[in-house]
1. When you go through Leu281, Leu265 one by one, which is the residue that is touching a helix residue (DSSP H, G or I) at 6+ places or on another chain (Cβ under 9 Å) and within 18 Å of Ala201 (Cβ to Cβ)?
2. Of (1) surrounded by fewer than 17 Cβ atoms within 10 Å (Cβ to Cβ); (2) under 29 Å from Ser350 (Cβ atoms); (3) without any contact (Cβ under 8 Å) to a residue 60 or more places away in the chain, Ile288 satisfies all except one. Which?
3. List pairs: first in segment 254-282 and modelled with pLDDT under 95, second surrounded by 23 or more Cβ atoms within 10 Å (Cβ to Cβ) and of a type in the set (Gly, Ala, Ser), Cβ under 6 Å, 6+ apart or cross-chain?
4. Can you tell me which residue is farthest from Gln302 (Cα to Cα) among those in segment 325-353 that are under 12 Å from the mean Cα position of the chain (by Cα) and among the hydroxyl-bearing types (Ser, Thr, Tyr)?
5. Quick check on this structure: which one of Gly293, Gly356, Gly341, Gly327 is in the same structural domain as Gly161 (by TED's automatic domain parsing) and crowded, with 18+ Cβ neighbours inside 10 Å?
6. Considering (1) surrounded by 18 or more Cβ atoms within 10 Å (Cβ to Cβ); (2) assigned by TED's automatic domain parsing to the domain that holds Gly232; (3) under 14 Å from the mean Cα position of the chain (by Cα), say which one Leu132 fails and leave the rest.
7. Given the residues Lys146, Lys189, Lys141, which is the only one that is farther than 30 Å from Ser6 by Cβ and among the basic types (Lys, Arg)?
8. Can we say Asp120 is over 21 Å from Asp44 (Cα atoms), at pLDDT 90 or above and surrounded by 15 or more Cβ atoms within 10 Å (Cβ to Cβ)?
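The values are calculated or read from the model by the stated rules, or taken from the named source; none is laboratory data. What you see is a predicted model, and the numbers here were worked out from it, not measured in a lab. Ideal geometry is used to build each Cβ from the backbone, glycine not excepted, and the neighbour counts take in all protein chains shown.
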Amino acid sequence: MSKYQSDGRTVLTLDAGGTNMVFGAMRGNEFVASPVTLPSNAHDLDLCLGTMVKGFKQVISECGSEPSAISFAFPGPADYPDGIIGGFLPNFPSFRDGVALGAFLENVFGIPVFINNDGDLFAYGEALGGALPEINARLEKAGSVKRYKNLIGYTFGTGLGIGIVMDGKLNRGDNSCVETFCLPYMEDKGTIAEDYVSIRAVTRYYREFSGLDAYGVEPKDVFDIAEGACEGDRAAAMMAFERFGTVAGDVISTAVTLVDGLVVLGGGLTAAAKYFMPSLLAEMRRKIFTLAGDELGRLQMQVFDLDDPGQFEVFAAGESRRLKVYGTDNYVMYDPMKRTGVTISRLGTSKAISVGAYNFALSQLDGE
């Protein structure tokens with residue numbers, strides 16, 4: 001659990017979208033001011049920066065205390081440690097040549113400013129105040145001695161975001177490039193995985209599987225069709241999410257192989273988890289073979305759906321047994337079951353990002 005759960009300091013937050021910006025203030029992992037929503041004006045740098053100043057000032061006037069820092073996520077490539085945003089930014093074209101956003105805001109408000117990738121902050125928030133402490137608490141309640149320290153967060157939405165937390169520390173990398181969206185697609189190594197695990201992928205799959213000219217269909221429509229709540233090709237809708245899950249499982253397996261931790265999923269598409277989770281888990285559990293014909297798992301651990309009570313029971317129980325120490329009468333406990341699991345965010349993506357931003361800022365202020 002976050003050690004800042006009861007901290008009295010206030011941190012200003014921002015959900016920076018290409019259409020709107022939502023400003024907030026957080027204290028003790030909870031919002032303490034009504035959100036302020038303003039148009040982003042992302043096409044015009046002067047207007048956009050002016051909007052940020054206006055939004056933060058309005059939140060300061062409502063939160064009842066002087067803020068200790070500003071901390072938020074920004075979509076797209078950046079030099080996050082130095083607070084510089086730049087590069088290919090479809091939603092913020094006025095930032096493409098590079099903007100020292102952190103330094104600008106520090107100059108205006110006179111307090112530290114911390115900017116991170118949204119996937120990073122999602123994972124950090126879930127690791128400190130969401131999925132990770134919840135799973136460990138459930139393990140303790142079940143009588144298991146197993147505890148997890150590492151968490152991989154994935155967000156399914158317009159893009160494919162990732163964040164990695166290892167032993168309570170956010171892995172920002174050396175170049176702010178901890179990403180898997182650009183991994184090669186499993187069936188066409190010349191294309192990127194994100195094109196097959198995103199909002200645009202779901203709608204494209206539906207058109208392909210249904211054979212319909214359904215260019216106005218959105219992922220929510222595909223979900224409603226799968227649910228039988230509106231007209232359309234229900235089988236094609238379910239196949240669309242099934243295919244989405246298979247590709248997602250392939251990408252996630254690569255991350256789990258390297259990090260060896262639990263996985264938490266966020267983003268709007270998780271509303272359709274019941275349709276994509278079976279194929280996602282099946283891919284993570286898929287068998288592969290050595291050239292000598294030996295069978296191995298796609299992962300070197302068993303994979304569980306942590307939101308399924310029956311699977312969680314097996315996950316928590318493990319295979320613990322007493323193991324005699326050679327040459328003595330002593331015994332040690334041994335659990336040979338290597339295991340990981342996947343769960344859906346309980347905080348919600350936006351709240352998790354804000355919790356991550358809040359905790360990151362205070363940890364930096366405290367020199368951690």
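1. Of the residues listed, the single one that is touching a helix residue (DSSP H, G or I) at 6+ places or on another chain (Cβ under 9 Å) and within 18 Å of Ala201 (Cβ to Cβ) is Leu265.
2. (2)
3. Nothing qualifies.
4. Ranking the candidates gives Ser350 first.
5. Values: Gly293 fails: crowded, with 18+ Cβ neighbours inside 10 Å; Gly356 fails: in the same structural domain as Gly161 (by TED's automatic domain parsing); Gly327 fails: crowded, with 18+ Cβ neighbours inside 10 Å.
Testing whether each residue is in the same structural domain as Gly161 (by TED's automatic domain parsing) and crowded, with 18+ Cβ neighbours inside 10 Å leaves just Gly341.
6. Leu132 satisfies all of (1) surrounded by 18 or more Cβ atoms within 10 Å (Cβ to Cβ); (2) assigned by TED's automatic domain parsing to the domain that holds Gly232; (3) under 14 Å from the mean Cα position of the chain (by Cα) except (2).
7. Only one candidate qualifies: Lys189.
8. It is true that Asp120 is over 21 Å from Asp44 (Cα atoms), at pLDDT 90 or above and surrounded by 15 or more Cβ atoms within 10 Å (Cβ to Cβ).
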